[in-house]
Amino acid sequence: MIDNIRVDYDGLIPNNVGLNSDDRVKKALETWHPGYIDWWMDMGPEGFQQALVYLRTAVSVDTGGWARFDYVRMPEYKWGILLAPQVEGRKVPFGANKGEPAWQEVPGEHRAMLRRLIVIQGDTEPASVEQQRHLGKTAPSLYDMRNLFQVNVEEGRHLWAMVYLLHKYFGKDGREEAEELLRRRAGDKDTPRMLGAFNEETPDWLSFFLFTFFTDRDGKMQLEALAQSGFDPLSRTCRFMLTEEAHHMFVGETGVGRIVQRTCEAMVEAGIEDPHEVDRIRALGVVDLPTIQKKANLHFSLTLDLFGSEVSTNAANAFHAGVKGRYREDKLDDDHTLEDSTYPVLRFIDGRIASADVPALSGLNMRLRDDYLTDCLKGIERWNRVIAKSGIDFKLRLPSVAFNRQIGEFKGLHVDLDGNLISAEAWTRGRDSMLPSSGDRAFIEHLMSRPVMEAGKFASWIAPPRVGIDNRPGDFEYVKLAG
Ligand code: BYC
């Protein structure tokens, strides 16, 4: 390890990259900073900019004890540039350049590819803040509100992480891209965000928890793949981002888990055994399990689109170049070049959905997606344990990867939850049993429209957490509302 672990909080921009001795980048970032704050004030959490929020801030980048908890007004959050420590002697871990010393500067021949990946990653971060900006007003508790804001400020910091790379390593076009990241807006018809799922609405708290479970988990997988990069600064920044991302996974998984738990408890208390007695269950002020499943189907399918095409030359080129690796590449035991191997990929061929072997390099998006599926299933298993414990006969599941897709092989096809091709008519007929109907959406919107802002209290549709953040007691005031 040859780097500072502690973060320098003396200047305008906290960092552990020696910004004080890098005038050019320091100045560029200081010039970008006011635009960022304007963006945060315009597009960050609406109505809570003056609230005091019990947030964690990174004080060092080592694995233990990097976070300090304190009350902070979000616009004063210490957004900064934090890279995991440099590993001495690190090599490019895969691809045609495997074994060369990891690059500390951008290799000219991979510049365009690296810039594109960094810009796409950077674009998703502010997008999610924009998508979630109204949710504070309907928070089911101060605990949940605080978690939402923690996720939001960290997504803001992740934008900083990518912007630092653009400013430091990509000169004029990097600076222009950094400006553009503040200009695009989630869902805007003229200047939308780059990837589809980041232009969707996050209208309610169930959507938020499912988004953090499914879509932030894509973030985790993509960051894991970029953390393997031979471009060392990208690898280091992604490694540190992943430590923050873990909390976002926690918020999503426990959020949905607590909703499932509350539903099961209410059903048991009311003596309702059949999870499909939707009206009776909804009358208890909780979300019925079939509706949770439909919302999960939606978020899962939207998120799968973020993995790109099933067969991708871009992915092959990025791996071959040593720029974007596989999930936990450094733990895999093979040649790390994949020139001669194949990978099975589900495709649409001759009117059928079937598995076909493709060159392993072209199948890398799907390999990452398969690792993602395995990761998702662990969380779903945990939700199902809650249901099983209550004695209710229902299992949450993942739909087929071909269901409801807008990108890749299955785009435009009508496919049911089990992966069967169905007619357009059958799709239209069955749609409301697979995806949230307008009635489901109206029910959720109504149920989740009333905030609970009294410390230690929770909305009817969600169970309290098992433990508090930073081990705080159940009635801790996680957010002190202004005025
Ligand atoms: N939407 O070879 P293909 C996160 C385009 S989330 C629109 O199939 P490739 C977060 C593609 O650009 C993680 N266009 O795909 C989560 C290409 O166009 P060009 C974000 C799409 O390039 C929650 C063409 O189709 N990070 O961090 O292998 C909260 C053919 O491309 C889409 C990253 O994504 C799409 N969905 O893979 C906050 C990592 N898919 O170039 C944050 C960086 C494909 O021919 N990005 N296209 O004009 C990448 O690794 C890859 O670019 C992608 C796509 C995985 C996105």
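Couple of notes before you dig in:
- Among the conditions (1) closer than 25 Å to residue 230 by Cβ; (2) touching a Lys or Arg at 6+ places or on another chain (Cβ under 7 Å), the only one that residue 15 does not satisfy is (2).
- Of all residues in the stretch 422-460, exactly one satisfies the criterion of being under 19 Å from residue 294 (Cα atoms), among the aromatic types (Phe, Trp, Tyr) and out of contact with any helix residue (DSSP H, G or I) (no Cβ under 7 Å at 6 or more places or on another chain), namely 427.
- Residue in the stretch 331-347 that is without any contact (Cβ under 8 Å) to a residue 24 or more places away in the chain, of a type in the set (Lys, Arg) and over 30 Å from residue 440 (Cα atoms) present: yes
- Selected residue (criterion: nearest to the ligand (Cβ to nearest atom)) from residues of the stretch 190-234 that are of a type in the set (A, V, I, L, M) and not in a helix (DSSP H, G or I): 195
- Of the residues 181, 159, the single one that is assigned to a helix (DSSP H, G or I), more than 10 Å from the ligand (Cβ to nearest atom) and out of contact with any strand residue (DSSP E or B) (no Cβ under 9 Å at 6 or more places or on another chain) is 181.
- Breaking point among (1) more than 25 Å from residue 316 (Cβ to Cβ); (2) touching a Lys or Arg at 6+ places or on another chain (Cβ under 6 Å), for residue 89: (2)
- The residues of the stretch 411-425 that are surrounded by 15 or more Cβ atoms within 10 Å (Cβ to Cβ) and either part of a strand (DSSP E or B) or of a type in the set (Lys, Arg) (or both), listed by number, are 415, 421.
Conditions (1) in a helix (DSSP H, G or I); (2) in contact with a helix residue (DSSP H, G or I) (Cβ under 7 Å, 6 or more places away or on another chain); (3) surrounded by 18 or more Cβ atoms within 10 Å (Cβ to Cβ); (4) modelled with pLDDT of 95 or more, marked per residue:
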{"site": "112", "(1), (2), (3), (4)": "yes, no, no, yes"}
{"site": "116", "(1), (2), (3), (4)": "yes, no, no, yes"}
{"site": "120", "(1), (2), (3), (4)": "yes, no, no, yes"}
{"site": "123", "(1), (2), (3), (4)": "yes, yes, yes, yes"}
{"site": "126", "(1), (2), (3), (4)": "yes, yes, yes, yes"}
{"site": "130", "(1), (2), (3), (4)": "yes, yes, yes, yes"}
{"site": "136", "(1), (2), (3), (4)": "yes, yes, yes, yes"}
{"site": "140", "(1), (2), (3), (4)": "no, yes, yes, yes"}
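- Residues considered: 335, 350, 330. Of these, the only one that is among the acidic types (Asp, Glu) and at pLDDT 95 or above is 335.
- Of the residues making up the stretch 224-239, those that are more than 18 Å from residue 320 (Cα to Cα) and surrounded by fewer than 24 Cβ atoms within 10 Å (Cβ to Cβ) are 233, 239.
- Conditions (1) in contact with a Phe, Trp or Tyr (Cβ under 9 Å, 6 or more places away or on another chain); (2) within 15 Å of the ligand (Cβ to nearest atom); number of the one not met by residue 396: (2)
- Residue list for the stretch 56-97, restricted to those being assigned to a loop (DSSP other than H, G, I, E, B), surrounded by 18 or more Cβ atoms within 10 Å (Cβ to Cβ) and aliphatic (A, V, I, L, M): 61, 82, 83, 84, 92
- Wholly within the stretch 257-375, helices (runs of 4 or more DSSP H) carrying at least 1 residues that are within 12 Å of the ligand (Cβ to nearest atom) and on the phi < 0 side of the Ramachandran plot: 289-304, 313-321
- Counted residues, the stretch 1-55 - those being in a helix (DSSP H, G or I) and surrounded by fewer than 16 Cβ atoms within 10 Å (Cβ to Cβ): 14
- Take the conditions (1) more than 16 Å from the ligand (Cβ to nearest atom); (2) in contact with a helix residue (DSSP H, G or I) (Cβ under 8 Å, 6 or more places away or on another chain); residue 378 misses just one of them, which is (2).
- Residues satisfying the stated conditions in the stretch 258-271, i.e. of a type outside the set (Asp, Glu), under 12 Å from residue 390 (Cα atoms) and in contact (Cβ under 8 Å) with a residue 12 or more places away in the chain: 260, 261, 262, 263, 264, 266, 267, 268
The values are calculated or read from the model by the stated rules, or taken from the named source; none is laboratory data. The structure presented is a predicted model; accordingly, all values stated were derived computationally and were not measured. Note that we place each Cβ from the backbone using ideal geometry, even for glycine, and neighbour counts take in every protein chain shown.
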